1. Would you point out which residue out of 118, 162, 92 is surrounded by fewer than 23 Cβ atoms within 10 Å (Cβ to Cβ), in contact with a strand residue (DSSP E or B) (Cβ under 9 Å, 6 or more places away or on another chain) and on the phi > 0 side of the Ramachandran plot?
2. Look at region 45-56 and say how many of its residues are surrounded by fewer than 15 Cβ atoms within 10 Å (Cβ to Cβ) and in contact with a strand residue (DSSP E or B) (Cβ under 6 Å, 6 or more places away or on another chain).
3. Are there strands (runs of 3 or more DSSP E) fully within region 243-361 with at least 3 residues that are crowded, with 24+ Cβ neighbours inside 10 Å? List them.
4. Quick one: is residue 444 out of contact with any helix residue (DSSP H, G or I) (no Cβ under 8 Å at 6 or more places or on another chain), farther than 22 Å from residue 263 by Cα and assigned to a helix (DSSP H, G or I)?
5. Scan region 492-500 and give yes if some residue there is assigned to a helix (DSSP H, G or I), under 30 Å from residue 285 (Cα atoms) and in contact with a strand residue (DSSP E or B) (Cβ under 6 Å, 6 or more places away or on another chain), otherwise no.
6. Within region 95-115, track down each residue that is crowded, with 19+ Cβ neighbours inside 10 Å and either assigned to a strand (DSSP E or B) or outside the structural domain of residue 216 (by TED's automatic domain parsing) (or both).
7. For region 39-51, does any single residue satisfy the condition of being within 30 Å of residue 230 (Cα to Cα) and either without any contact (Cβ under 8 Å) to a residue 40 or more places away in the chain or part of a helix (DSSP H, G or I) (or both)?
8. Looking at the structure I just gave you, is residue 70 out of contact with any helix residue (DSSP H, G or I) (no Cβ under 7 Å at 6 or more places or on another chain) and at positive phi?
């Protein structure tokens, strides 16, 4: 089904060309100003036109600090001309610690301007400003605070207590790159927030490497009196965020979506991913134009977004989103193995949106990566963290994510040296095959996809049976048997989604075939459960059915806001201590089971099964996964109801 296509794609995909596109995008985006974003968007649009794609356009989303798409408040536009930080000794000698002209990441994004002549103030070392017992207001008032904390996490606290600005040698612990500078791209007053908006205070932060930070701390610990001198020439004002898009046209109205975020400072994250998308566009358009591949039934759309923000802008303003039958997200997928924290990963859909696309993508990846045994890869459960958010049930586009984890993430070390052109080539072939197979799927192909989903389902249930056996001594048998039944149902649902590719008359013809496959998968689940019961010395045992009860069983939440929640529409003061759940996989999973028909108790039980590690969590334990300080699941949903996120 896909081997011939992968073979056809091999000479069309050029990893070196993808690396060169990554280089061009990185050269612009590494400055991470809004003016550079517009230059970068024009580059991408020009490359799409040169590749022969249709309907090339650059959508413009407001960057005004107040407009909300879904639950995401758009950032203010930001530009900077110059930024430097010097440390001044008692004898007046100065040493430059940070210069944005050399390392753009040394200045936090959305840093506000200083007076034209700059600002000087004494340096005060506070290792962890969140520990309020370690300092007083007098310690920092009128001073530049030097810290190892993430500047965003302490911005509001320090500015409210009178700090002039922040100098930080923060670096993610897993990076272990003593000469790299952390990129700070979150500057909201809300510790769980992200971009600077109209309601956030103005301030600035410079970042230095851990090695420079250790040297500076050593000087301060000898009680040397040091001053900092900061100069920032920047502007924060309303503007726009660009979103380039184009299509390889199909003969029908439906679309397949390939999306990835542009407009960040990194080469791996995510200039390399955007370059892969350009290579996919070139390869497929060339094969179709030359008649080596027929025009697909569905268009293939390429969307280059500002992560999450303009994805939701596109969802709310493009009717095309309603015609999108499948997506694929590329984010930080092509770093060199030497710097990898985790290998290449296929992050699949959440259980609530089980789909044949996961089985298809995994099968294509397995075939493509067989030609490159030196590259490790694996499957990863759904994680909320990027533009795969379009799988949210209020949007409903099944969307796996191809990515990895590099030590260079969000640091100045994320340069072209960290990009692997061979990996770009492999990933481009995978993405192109995935997109074209779905775009060209007819009845026979849809049945093939269903068979792939059935095969994956049986293999997944066999693996689950082994896992439950391994943890049986920690679980009760009933919980394990119910988990296997739950997983079998999810795999059966994935098979059924292949019908969505077919028009109504063909669905009727294909449905019996798919039902037979679903019966096979459910039978495999029962066989695994029976084997487990025998191993536990209770052959033939049947667990009791889960019966929701209590107050949660009387509530049937219906969602009112599109996409994952951030609480951006609620001021931090009005939240009563509730932190932003922007990246909460637990809340995403739970809300995705809330469809207005299920009770909250049922949704919580399904989410607990999806997130299960050792045993199935209670509703209140699930609430603690959303945030440790959540009192109870009922309290949390009452909060959501008060702020018009859900109703019942």
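1. Working: 162 fails: in contact with a strand residue (DSSP E or B) (Cβ under 9 Å, 6 or more places away or on another chain); 92 fails: in contact with a strand residue (DSSP E or B) (Cβ under 9 Å, 6 or more places away or on another chain).
Result: 118 is the single residue among 118, 162, 92 that is surrounded by fewer than 23 Cβ atoms within 10 Å (Cβ to Cβ), in contact with a strand residue (DSSP E or B) (Cβ under 9 Å, 6 or more places away or on another chain) and on the phi > 0 side of the Ramachandran plot.
2. Number of matching residues: 3.
3. Numbers: elements: 255-262, 299-306, 324-331, 340-347.
Once the strands (runs of 3 or more DSSP E) in region 243-361 are filtered for at least 3 residues that are crowded, with 24+ Cβ neighbours inside 10 Å, what remains is 255-262, 299-306, 324-331.
4. Judged against the criteria, residue 444 is a match.
5. No, every residue in region 492-500 fails to be assigned to a helix (DSSP H, G or I), under 30 Å from residue 285 (Cα atoms) and in contact with a strand residue (DSSP E or B) (Cβ under 6 Å, 6 or more places away or on another chain).
6. 97, 98, 107, listed by residue number.
7. Looking only at region 39-51, we keep the residues that are within 30 Å of residue 230 (Cα to Cα), and these are 39-40.
Filter once more, so that each one left must be either without any contact (Cβ under 8 Å) to a residue 40 or more places away in the chain or part of a helix (DSSP H, G or I) (or both): 39-40.
Scanning region 39-51, I find at least one residue that is within 30 Å of residue 230 (Cα to Cα) and either without any contact (Cβ under 8 Å) to a residue 40 or more places away in the chain or part of a helix (DSSP H, G or I) (or both), so the answer is yes.
8. Numbers: out of contact with any helix residue (DSSP H, G or I) (no Cβ under 7 Å at 6 or more places or on another chain): no; at positive phi: yes.
So residue 70 fails the test.
The values are calculated or read from the model by the stated rules, or taken from the named source; none is laboratory data. Since the model is a prediction, treat every value here as computed from it, not as a measurement. A quick note on method: Cβ atoms are made from the backbone with ideal geometry, for glycine too, and the neighbour counts reach across all protein chains shown.
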